[in-house]
Each structure stands twice: as C-alpha cells, then as structure tokens.
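The values are calculated or read from the model by the stated rules, or taken from the named source; none is laboratory data. Every value quoted in this text rests on a predicted model; they were computed, and no experiment measured them. Neighbour counts run over all protein chains shown; Cβ positions are idealised from the backbone, glycine included. Remember, those area values only see protein heavy atoms, side chains included, never the ligands or the DNA or RNA. Shrake-Rupley method; radii C 1.70, N 1.55, O 1.52, S 1.80 Å.
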Amino acid sequence: LPACELHRLGEIADLVASVRFSRVEKEKLALALKNEGYIPKLLQLFQVCENVKNTEGLHLLFDIVRGILYLDEAILFEVMFSDECILDVVGCLEYDPCLTQPGLHREFLTKITKLQEVIPVKDPVLRQKICQTSGAQYIQDIILPNPSSSEEGVLSTLTFFISSSKKEILCELQKDEEFLHEVFAQLTNEATASEQRCELMKFFKKFCAFFLMSSERRDEFLQTLAKLGILPTLEMLMGMDDQQVRSSATDILSYLVEFGPVMVQEFVMQEARQNENDTQLIIEVIKQITCSPDPEFGGNNQLMDILRALIDPEKILVTASHLELFEFLDIFYDRYIHVLTAPLLADTSEEWYEIATECIDTTLFIFFLQLKALIFLVDNYQTAEILASVLELLSFCVEQHKYHMKIYIFKKDLLRRTLPLMKSKHKFLALCSLRFMRKIVGMKDELYNRYITLGNLFEPVVNAVLDNGNRYNLIRSALMELFEFIQREDIQFLIAHIVENFSDALESVKYIQFQELKTKYEQEKDQQKQKMN
C-alpha cells in the first residue's frame, strides 16, 4: 500500500478503484488495509483536510472510503462501523464531488435522530452493537446510492453484516428474561403513556416477526411467549382505543395463528370453557371486524383469516377431540355468533334488545349500541364493507359448521334477513348476499330447501334477475351459475318451486335457460305419474 499521506491520496484512490472488478484483488486489498491499520490513518487525514478545508483532498477521501465500502469485506466493516470510526466514515461520505454543498449526515446522526429506547438496555456491549448496526443501516439506506439492476448483490456482505447483527441483538434480548418481562409489564400497565405503548408495540411486533419466521428458534420463543401470557395481553391490547396499538396486536396475533396455531387454539378452547363473560379473544376479533372505522384499510381481511382459523373444525381437531369440537361449537353459537351477526340483525329494535340482553359484559352492551348507530346510517361504503365481511364468514360457517349453522339460520331466519342486501347500491355487497344463498343451496340439504320454498326466499333472487335486465356483469354471472347448479344437480324441490311460482317472470330471460328447468320439472312430473299409476 502507498504511504498514508496527503500527497498520495490520488494514488490510493486509483488503487482502490483498480480492484473493483476482481474478487481476488478485493480480498487482498481488504486484508492489507486491515493488517496495516490503514482505515484509522485515512480518517486522521480526513480530519486534517476538513480542518484546513482541503476540498480536493476531501473529494479524494470520499472516493477512497466509498471504494473501501464497495470492497464488501466483513473484516473492514467491524473497523469502519466501530464507535471510534463511524462518524469520520460518515463525514468522508458527506463530500461527494457531485454535490455543490457537503451533506449533513453527521449532524443528522448525532443531533436530529436519536435511537428511541422503548425499554432500557443495560448491557453496554449490546448497546454498542445496536448503535453500530444503526449506523451501518443508515450508510446503506441513505448515503450509498441504490444499486442498479446490473449491480444487485454488490453489497451482499454489508446486507448480511447488518442482518446478522440484528439477529445477534435480538437473540441477546431474548435471552434476557428481565427484558421481556419489562416489555409485557409496560404493555399491560395502565399508567404507560399511549405514545410509549405505541412505540413499544412497533418494536415488539418486529421482535415477534423475527423469531416466529425463523424456524430455528420458533418453538422455544413460542414457549417463552406462552409463559409470559402473550394471548391475554393481546386480548387486552386489541380492546384499546389506539388504532396503531390494535393494528400491531392484530399483526402479532396473525403471526401466532400462522406459526403457533396449537397454542392459540388451546387458549381459545380453554377460554370458551372457563369464561362466561364476553371479554374474550374471539369476541375482540369479531368486534374489530364489525366495528372497524375503515374496513378496507383496517385489516379486516387479516381479522377474517384469524377468525376462520379459530373456528375451523380441521384446525381445532389438531388439538381437540370430536366431542370437544362439538362442545366448542355449542359455546360459539350460544355466546359468540350473535356478536358477528349483529349488523345483519339490526333491522328490528326487538332483535337488538334480545341481542343486548344476551350480553353479560357492560362494555359489550355499549359496543352493540355503537354498532346499532353505525348500521342505521345511510347505505354507506363503510357499512357495506362490514356487512360483506360478515357474510363471507357466515358462508364459511354454512360449509364448515353444518349442524350448528343450520339451526342458527332457522332460528334467526337469517337468509331472509340477508337477501334484501341484494338491492344494495354496492354491488360487492349484493354479490356477498347472493353467495350466501348459493352456499346454502350448494349444501343440497332437504331442510334448507324446504326452508327456502316455504319462506318464498327465491323471490328476491328472481327480482334481482329482472332488475339486472340485460346488463353483463358479475351479478348476471352469479345468478346464471346459481340456476345452472340447481338444474345440473337436479334439485327437484327447488326446480318445482321456481317453475310453479316464477314461470311468467323468467320465461323471457334467455340467459337463465328457464326452458331446461321446465323440461326437468315436466320429466319429474311424468315419472311421478307413472309411479302413482
């Protein structure tokens, strides 16, 4: 290496630039820089140049330091990102020859930005590691230019250095039992300021995501969370007013449902058996679905996935017997389902009084009053989104909870309550209502068919056919598929009902293929006559 002197900076810059395209030469240069303690010497020259305002020298040092970073060697990163060197490294990178004025990266790192310590870290070595990693991340994200498509992977070692440093930090934090206890204590403490709790939740969400998405430590981490009472804590946090806290709690619950479903399912089953009040995890999830201020962006799809997982018989049977499953569904339809269907049953005050009186918990009673006020607003988009989410979940229940859902539909006359939504100005909601009908018809259950015919519940469907006219849209496709299914599966009970009651209305609608239904009906009639004879 050339002697580290001011008048030889140009020579050093040329040397660093010359090895750019050779992996072997890069490794040789990196080793020489490390062995000779060259980087601290360069940074001393930087201080001299900055003091005397040697612009040419500062520009050369920018090229040299950036070139050393692009060597992408881990042995150099430990030196460059150390407490002694990092600010001078950042200082060198402020003097980009392409800029008319130097950058202000050091000022930003030391004065403007401060690492937020949501929980005090007592270990000095760990604190140093956190500061080092933060500085390295800043250099990679802010100072160094984004690589072009041809340069992707150029700084792969730097990326790995940062990610492995983060992993090391998080693993050390996990080992510290006091640290996690303090996190949970502050999250559940009513005295914790809302802003602090929000920041703490952001950290804890990333903390959980790291370990749950890593198969190596997942089981151990899940056991630690279970001991600390993660699910009761999330239940409490999801009931808070702060939208960001609720959102982070939902994200963490989603991770647990995906990576630790057994733990969540056991907790829900245990809560269902032991708790008779209405402040349970499953209730909190349903409340978030039915009372979201902005369903489209409030995580409704995520919440629906969580609820589906919690009430999916296949997933329940992983940890429970068939008898326990049946017991859980009994409890769900006795205590929980009325919270989910409340928006659909909001059309009569008697029904609301009946639902409200089923609630033991005062907060849930207040929730129903708030929900009633929301539902009785005009047919707005927010309400339509909530009702669509509820209908999607009820369609899932029709298929998965055959016995319990059938009884509930008959008891509450639920299909009759949902079919008027086919007249909604929001077509996605009209389609959800029609899909709910289609799901029930698809069960090919005699009791369902009798319920539909005795209640004349095909009338709203026929009205939808007439209202849609000759328009080509999803409503038309869904209606066409429903009638084709009835004809294809030869559901005579429904065919007879449609032909006998709606012949005049459907005769002229070509896409329904009413003649095929009529033919099926007449063939069945002839067969019945022959049997009678």
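Only residues that are part of a helix (DSSP H, G or I) and either exposed (fewer than 11 other Cβ atoms within 10 Å of the Cβ) or in contact with a Lys or Arg (Cβ under 6 Å, 6 or more places away or on another chain) (or both) were counted across the stretch 523-533, and they come to 5. Residues that are in a helix (DSSP H, G or I) and either more than 13 Å from Val285 (Cβ to Cβ) or open to solvent by 50 Å² or more (accessible area, probe 1.4 Å) (or both) within the stretch 227-246 comprise Lys227, Leu228, Ile230, Pro232, Thr233, Met236, Gln243, Gln244, Val245, listed in sequence order. Residue check: Asp83 meets all listed conditions (1) open to solvent by less than 70 Å² (accessible area, probe 1.4 Å); (2) at pLDDT below 90; (3) under 21 Å from Tyr138 (Cβ atoms) but one, namely (1). Residues that are among the hydroxyl-bearing types (Ser, Thr, Tyr) number at least 3 in the following helices (runs of 4 or more DSSP H) confined to the stretch 399-493: 446-454. As a summary of the residue check, Thr192 satisfies the conditions (1) more than 26 Å from Pro343 (Cα to Cα); (2) of a type in the set (S, T, N, Q); (3) part of a helix (DSSP H, G or I) except for the one numbered (3).
Flag: Met269 does not match the condition of being more than 16 Å from Lys205 (Cβ to Cβ), of a type in the set (A, V, I, L, M) and open to solvent by 30 Å² or more (accessible area, probe 1.4 Å). Arg197 meets each of the listed conditions (1) basic (Lys, Arg); (2) in contact (Cβ under 8 Å) with a residue 24 or more places away in the chain; (3) surrounded by fewer than 18 Cβ atoms within 10 Å (Cβ to Cβ) apart from (3).
How many residues are touching a residue at least 12 places away in the same chain (Cβ under 8 Å) and assigned to a helix (DSSP H, G or I) if we restrict to the stretch 213-226? Number of matching residues: 6. What do you reckon, is Asn473 open to solvent by less than 20 Å² (accessible area, probe 1.4 Å), modelled with pLDDT under 95 and farther than 17 Å from His497 by Cα? So Asn473 fails the test.
Of all the criteria given as (1) part of a helix (DSSP H, G or I); (2) free of Cβ contacts under 8 Å to residues at least 60 places away in the same chain, the one not satisfied by Phe203 is (2).
Residues of the stretch 83-120 that are of a type in the set (S, T, N, Q) and under 37 Å from the mean Cα position of the chain (by Cα): Thr110, Thr113, Gln116. When Phe502, Phe483 are screened for being surrounded by 15 or more Cβ atoms within 10 Å (Cβ to Cβ), hydrophobic (A, V, I, L, M, F, W, C), under 46 Å from the mean Cα position of the chain (by Cα) and farther than 17 Å from Met437 by Cα, only Phe502 passes.
Each residue in the stretch 17-32 was checked for being assigned to a helix (DSSP H, G or I) and in contact with a Leu (Cβ under 7 Å, 6 or more places away or on another chain), and 4 pass.
Given the options Leu155, Leu109, name the one that is open to solvent by less than 30 Å² (accessible area, probe 1.4 Å), closer than 30 Å to Ala30 by Cα, of a type in the set (A, V, I, L, M) and modelled with pLDDT under 85.
Criteria check complete, one pass: Leu155.
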